[in-house]
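What follows draws every value from the coordinates through simple rules; no lab data is involved. Being a predicted model, the structure only gives us computed values, none of them experimental. All Cβ positions, even for glycine, are placed from backbone atoms using ideal geometry, and neighbour counts span all protein chains on display.
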Amino acid sequence: CEMCIRDRVKAAKADRPRRFGAVYWVEDTGGLVLLRRRPEKGLLGGMLEVPGGAWLASPPPGTPPPVNATWRLLPDPVEHTFTHFHLTLAVYRAETPVEALPEGGDWRPVARADLAASALPSVMRKVVAKVLGPESLKARR
């Protein structure tokens, strides 16, 4: 019947809002990468992340990096879609000693070789793949 067919047609999905942010990849010459644990409450609560700033409705004017270093913006941002918004992350990279951890936050120096086994959410795994290449997340046997 015509009514049955009309009821089966799905309504068009509304466009997801877009948010923007920046992350800062800090690695030392020994292969330690600086990560931090996100607050327990909120999106991706308690998971590890590449440090960055808030995710805003417009591109951020410049979130301060976690350490003083010479930063290089990588070409092409990381794109990720959550159920309720689309995220575009600018990725900055610096090589500097990971001696003193920044103040504020739950900081974790993680060996590059241990990143594949780390509890990183999908969006942060995309950041790792952006910086180190997709092979970097393959489990080592």
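Tabulated values for the structure
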| quantity | calculated |
| --- | --- |
| Amide proton proximity set for Arg18, modelled H, under 5 Å, gap of 5+ | His86 |
| Projected label distance in nm at Asp106 and His86, using a 7 Å step from Cα toward the beta-carbon | 3.2 |
| Ala116-Thr70 FRET efficiency (beta carbon distance; Förster radius 30 Å; 0.05 resolution) | 0.60 |
| Where labels lie 7 Å past Cα in the beta-carbon direction, separation of Ala54 and Lys41 in nm | 1.6 |
| For segment 45-87, the spread of Cα positions along each principal axis, largest first, Å | 35, 26, 17 |
